[in-house]
Amino acid sequence: MKHLLSIADLSRDELFELLKLAEKLKEERYKGIVTDYLKNKSLAMIFELPSTRTRVSFEVAMSDLGGHALYLGWNELQLGRGEPIKDTARVLSRYVHAVMMRVRDHSTIKEFAKHSMVPVINGLSNLEHPCQILADLLTIYEYRGDFRDVTLAWVGDGNNVCNSMILASALTGMKMVISTPENYEPNAKIVEKAKEMGGKILFVRDPKKAVEEADVIYTDVWTSMGQEDEKNRRLADFRGYQVSDDLLKLSKDDVVVMHCMPAHRGEEITDEVIEGKHSIIFDQAENRLHAQKAVLLKLMGREDEIY
Ligand code: CP
Ligand code: NVA
């Protein structure tokens, strides 16, 4: 793994190594073991869009591992005044050991990675959110113990998080049932790729049917960052796709509910479900920290020290 722009940048073995490493790092943090696996290493974090979890978990991950993180808002950089991405990539590569980026358009991070001499990590683009999905897989593994017998029902928008989950389901053997309104399906090329990888992916228009066999129900906002102009149309189009107690009643008794957050309570998910006994969303959010530490170590650390 040179960069992490997509879940598809990982082989099955690399994915499971990351999860194993994340588990170990989580345990170390719980035990209060202090490590400096990334001593003298710096991570640049470029944000073209806002963030709570990604920003804080990456920054704390670097500090926990003895390294340093720099928060760089797009408009505070010369990028905001039009400096070419390829120039920024080459300059930053001479200062830092890795770059994490949150961008509006996936082509921006691809262009950056093409010219970067150091690893580039996708902290969300319009196409994928691989770091989120690594944390989600760690969470699913903690609650279910395996992936092979797990059915994940995706209810709502076939967005960036959904795209990465589709690729992850193909790598892990998890079955995915996708329920979106018409015209909000996930990226067709990603679905095709996942199917070529042996992914078990089913499309079920009716969310009530989609959740029947689910072990995990996952939802995300109906209006992602950058789509604010479409909000009213989306609110109308997604009616009937809310994850509510009524929907959960149609699923397994022990189903768990996931959401990458931030959640819009009352839209894609109800307040009751978030606060209810099926919700594991705060564990999910915590696992961003542990999973990303594994990514950072894999890309920047010395493996002989870690394993
Ligand atoms: N889930 C997620 O990426 O959250 P932030 O937008 O707060 O980083
Ligand atoms: N799909 C959401 C995820 C936020 C973490 C968005 O892109 O805004």
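The values are calculated or read from the model by the stated rules, or taken from the named source; none is laboratory data. Keep in mind that what you see is a predicted model, and the values were worked out from it rather than measured. So basically every Cβ, Gly included, is an ideal-geometry build from the backbone, and we count neighbours across all protein chains shown. Accessible surface is based on the protein model in full, side chains and every heavy atom, while ligands, DNA and RNA are left aside. Shrake-Rupley method; radii C 1.70, N 1.55, O 1.52, S 1.80 Å.
Loop-located trypsin sites (Lys or Arg not before Pro) across the stretch 44-105 with a Cβ neighbour count of 10 or fewer within 10 Å are ARG94, with loop assigned by DSSP.
Modelled this way, with points 7 Å down the Cα-to-C-beta line, the labels at ASP283 and ASP13 are 3.0 nm from one another.
For the stretch 133-198, report the accessible area per residue in Å² (1.4 Å probe, heavy atoms, rounded to an integer). Each step should come with its number before you reach the end.
Details: 2190 Å² over 66 residues.
The answer is 33 Å² per residue.
Rounded to the nearest 20, the size of the Cβ-charge dipole of the stretch 73-126 about its Cα centre is 100 debye, with Lys and Arg at +1 and Asp and Glu at -1. Count Lys and Arg as plus one, Asp and Glu as minus one, and take only other residues whose Cβ is under 12 Å from that of TRP154; the net charge is then -4.
Would you mind counting up the charge near GLU268? Only other residues with Cβ under 13 Å from its Cβ, with Lys and Arg at +1 and Asp and Glu at -1. Here the charged neighbours net out to -1.
Rolling a 1.4 angstrom probe over the protein heavy atoms with all chains in place gives the stretch 221-306 an accessible area of 47 Å² per residue. How large is the charge dipole for the chain, taken about the Cα centre, if only the Cβ atoms of Lys, Arg (+1) and Asp, Glu (-1) carry charge, to the nearest 20 debye? With only Lys, Arg, Asp and Glu charged at Cβ, the dipole is about 840 debye.
Size of the stretch 1-112: Rg and Dmax of its alpha carbons, in Å, are 15.3, 46.
Backbone N atoms of the stretch 153-192 closer than 13 Å to the 7 Å Cα→Cβ label point of MET261 are not found in any residue. A quarter of the convex hull surface defined by the alpha-carbon atoms of the stretch 83-169 gives 6.7 nm² as the mean projection. Note down the relative contact order for the stretch 153-208 as a percent, whole number, built from C-alpha pairs under 8 angstrom at least six residues apart. For the stretch 153-208, the relative contact order is 44 percent. A Cβ-based charge dipole, computed about the Cα centre of the stretch 36-195 with Lys and Arg at +1 and Asp and Glu at -1, lands at about 440 debye. Please work out the Cα center distance from the stretch 205-229 to the stretch 112-184, rounded to the nearest Å. Each part's Cα centre sits 13 Å from the other's. Projecting the Cα atoms of PHE16, VAL150, SER179 onto the charge dipole of the chain (Cβ charges, centred on the Cα centre) puts PHE16 farthest toward the positive pole. Within the accessible area of the chain, the carbon and sulfur atoms contribute 47%, probe 1.4 Å, all protein chains present.
Percent relative contact order of the chain, based on C-alpha pairs within less than 8 angstrom and at least six residues apart?
On the way: 593 pairs, mean separation 61.3, N = 307.
Averaging sequence separation for qualifying contacts and normalising by length gives 20 percent for the chain.
With contacts taken as Cα pairs under 8 Å at a separation of at least 6 residues, the stretch 178-307 carries a relative contact order of 23 percent.
Once the mean of 1/r is taken over each pair of separate Cα atoms and inverted, the stretch 131-220 shows a Kirkwood hydrodynamic radius of 12.7 Å. Per residue, the accessible area of the stretch 1-70 comes to 49 Å², computed with a 1.4 Å probe over protein heavy atoms only. Within the assembled protein chains, the solvent-accessible surface assigned to MET261 is about 40 Å², based on a 1.4 Å probe.
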